[in-house]
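Asks: Attaching a single structure in structure tokens format; questions to follow.
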Amino acid sequence: MKIISNPKELKEYLKNNDKTIGFVPTMGALHEGHLSLIKEAIAENELVVVSIFVNPTQFLKGEDLDSYPRKDEADKKICSLSGVDILFFPHANDIYGEDEVSVIAPNVRGYVLEGMSRPGHFNGVLTVVMKLLNIVEPTNAYFGKKDAQQLNLITLMVKQLFMSVNIVAVDTARESDGLAMSSRNVYLSKDERVEALKISSSLQIAFGMVTKGILDSDEIIVKMREKLSGLEISYVEILSREFEIIRHVEIGNSVILVEAKVGDTRLLDNIWL
Ligand code: PAF
């Protein structure tokens, strides 16, 4: 596996390549969720690039940028053992300069749900993803469904800015008890880890209701909120795949999303129906 930290060097290295490129952007602290993105990229492309970059512009003031888990050496080993061809490992000043051009998230879709509790977060996400896609110029880029709003906005950016990369959505990887895998799970104490299970359980309740034919959004949300009681809920929403609020679950076109705080840790999860 080749490790490159300079964007120009990576561009130069990939310049005359005629292979299909699969790209998995990450912020490191790799877990099974990232591995499922990497596996899918390896299965579908001739060359796989993974980036590890804890992007400062997507953290708001007072968020966990400084304490965000960093496991550089372990991450390098994981990438190399998984068959990644190139690890892009830039420093912040390789990616950002002063007085920067940036991508602005849309006024509505970028400021609801997670964007409401983290205003400006998606500007940072879209800007860095645009930069990374321009550096790697992949055929396919892989993102997890757990970050459904991020995935929705990146797909929208690619479409609206007429970019040619294909965005691939990958299913959420879960612990054996159902907790969605996340780099932030390491922040949970033993008791919080148990409490956090209410999130995936609430989605299972929603799934159970839908399979029984109960499709009314309000009815489902009430039951989910009951299950989530004790947690600081940021939102429970039922949306279409286009991220519009829907009054009834439409099988094949719905996503149910939860964001809740367990202790100080904000956790996201969702189910695609
Ligand atoms: O999902 C993430 O890990 C990050 O938001 C991403 C897409 C790598 C951009 O920094």
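The values are calculated or read from the model by the stated rules, or taken from the named source; none is laboratory data. Everything numeric in this text was worked out from a predicted model, so none of it was measured. Counting neighbours? That spans all protein chains shown, and the Cβs are built from the backbone with ideal geometry, glycine included. Note: areas computed on protein heavy atoms with side chains; ligands, DNA, RNA excluded. Shrake-Rupley method; radii C 1.70, N 1.55, O 1.52, S 1.80 Å.
Asks: Could you give the dipole magnitude of the chain about its Cα centre, charging the beta-carbon of Lys and Arg +1 and that of Asp and Glu -1, in debye to the nearest 20?
Replies: Roughly 220 debye, rounded to the nearest 20.
Asks: Below 12 Å, Cα to Cα, which aspartates and glutamates can residue 8 reach? Residues fewer than 8 away in the same chain don't count.
Replies: Here the aspartates and glutamates satisfying the reach criterion relative to residue 8 are 94.
Asks: A further question on this structure: Which of 167, 251, 38 moves most in a GNM of the chain, Cα contacts under 10 Å?
Replies: For the chain, modelled as a Gaussian network with Cα springs under 10 Å, the answer is 251.
Asks: Hey, rough spin-label estimate for residue 219 and residue 13, points 7 angstrom out along Cα→Cβ, what's it come to in nanometres?
Replies: Each label point is offset 7 Å from its Cα along the Cβ direction, giving 5.6 nm.
Asks: Within the range 146-160, whose backbone N sits under 17 Å from a point 7 Å along Cα→Cβ of residue 104?
Replies: Correct set: 157, 160.
Asks: Give the lysines whose C-alpha is closer than 19 Å to that of residue 15, dropping any in the same chain fewer than 8 places away, or say none.
Replies: Within the straight-line cut-off, residue 15 pairs with 2, 131.
Asks: Still on this structure: Can you compute the FRET efficiency between residue 272 and residue 73 using 1/(1 + (r/R0)^6), with r the Cβ-Cβ distance and R0 = 45 Å? Round to the nearest 0.05.
Replies: 0.80
Asks: OK, next. Which loop-located GluC sites (Glu not before Pro) does the range 1-106 contain, where loop means any DSSP state but H, G, I, E or B and the Cβ has at most 15 other Cβ atoms within 10 Å?
Replies: 46, 63, 98, 100
Asks: On full extension of the chain, what length is gained from residue 240 through residue 2, given 0.36 nm per residue of separation minus the C-alpha to C-alpha distance?
Replies: 81.6 nm
Asks: Divide, for the chain, the radius of gyration over alpha carbons by 2.2 N^0.38 Å, where N is the residue count.
Replies: In units of the globular-protein estimate, the chain measures up at 1.02.
Asks: Related question: Once whole DSSP H runs in the chain are found, which of them have Cα atoms spread over 27 Å or more along the helix axis and a mean Kyte-Doolittle score of at least -0.5?
Replies: Sorted by number, the helices that extend far enough and score high enough are 190-211.
Asks: Just name one of 162, 200, 252: the one whose Cα is farthest towards the positive end of the charge dipole of the range 129-273 (beta-carbon charges, Lys/Arg +1, Asp/Glu -1).
Replies: Looking along the dipole axis, the top candidate is 162.
Asks: Considering the options 142, 270, 172, tell which one lies farthest towards the positive end of the dipole of the range 114-273, charges being +1 on Lys and Arg and -1 on Asp and Glu at the Cβ, about the Cα centre.
Replies: 142
Asks: Looking at the chain as a GNM with Cα springs under 10 Å, which of 250, 226, 114 has the largest mean-square fluctuation?
Replies: Highest fluctuation of the listed residues: 226.
Asks: Using the crude model of +1 on Lys and Arg Cβ and -1 on Asp and Glu Cβ, and no other charge, please compute the dipole size for the range 45-204 relative to its Cα centre, in debye to 20.
Replies: 440 debye
Asks: Between the alpha-carbon centers of the range 173-237 and the range 1-69, tell me the distance in whole angstrom.
Replies: So the two Cα centres are separated by 29 Å.
Asks: How large is the charge dipole for the range 115-172, taken about the Cα centre, if only the Cβ atoms of Lys, Arg (+1) and Asp, Glu (-1) carry charge, to the nearest 20 debye?
Replies: Here the size comes out at about 120 debye.
Asks: Here's another thing I want to ask about it. Taking 8 Å as the Cα distance limit and 6 or more residues as the minimum spacing, I'd like the relative contact order of the chain as a percentage.
Replies: It rounds to 17 percent for the chain.
Asks: Shifting gears a bit: Provide the per residue accessible area, probe 1.4 Å, for the range 14-134, rounded to a whole number of square angstrom.
Replies: 49 Å²
Asks: Still on this structure, please answer the following. Among bridges DSSP assigns within the chain, what percent are antiparallel (round to 5)?
Replies: About 50 percent, rounded to the nearest 5.
Asks: For the range 54-162, what does the convex hull of the Cα positions come to per residue, in cubic angstrom?
Replies: Considering the Cα atoms of the range 54-162, their hull volume per residue is 134 Å³.
Asks: Any aspartates and glutamates with Cα under 18 Å of the residue 77 Cα? List them, leaving off those in the same chain fewer than 8 positions away.
Replies: Once the sequence-local aspartates and glutamates are set aside, what remains near residue 77 is 32, 85.
Asks: Still on this structure, please answer the following. Filter the cross-link list 19/146; 19/145; 71/159 down to pairs whose alpha-carbon distance in this structure exceeds 32 Å.
Replies: 71/159
Asks: Right, next: What's the carbon and sulfur percent of the range 119-273's accessible surface, probe 1.4 angstrom, rounded to a whole number?
Replies: For the range 119-273, the apolar C and S fraction of the accessible surface comes to 50 percent.
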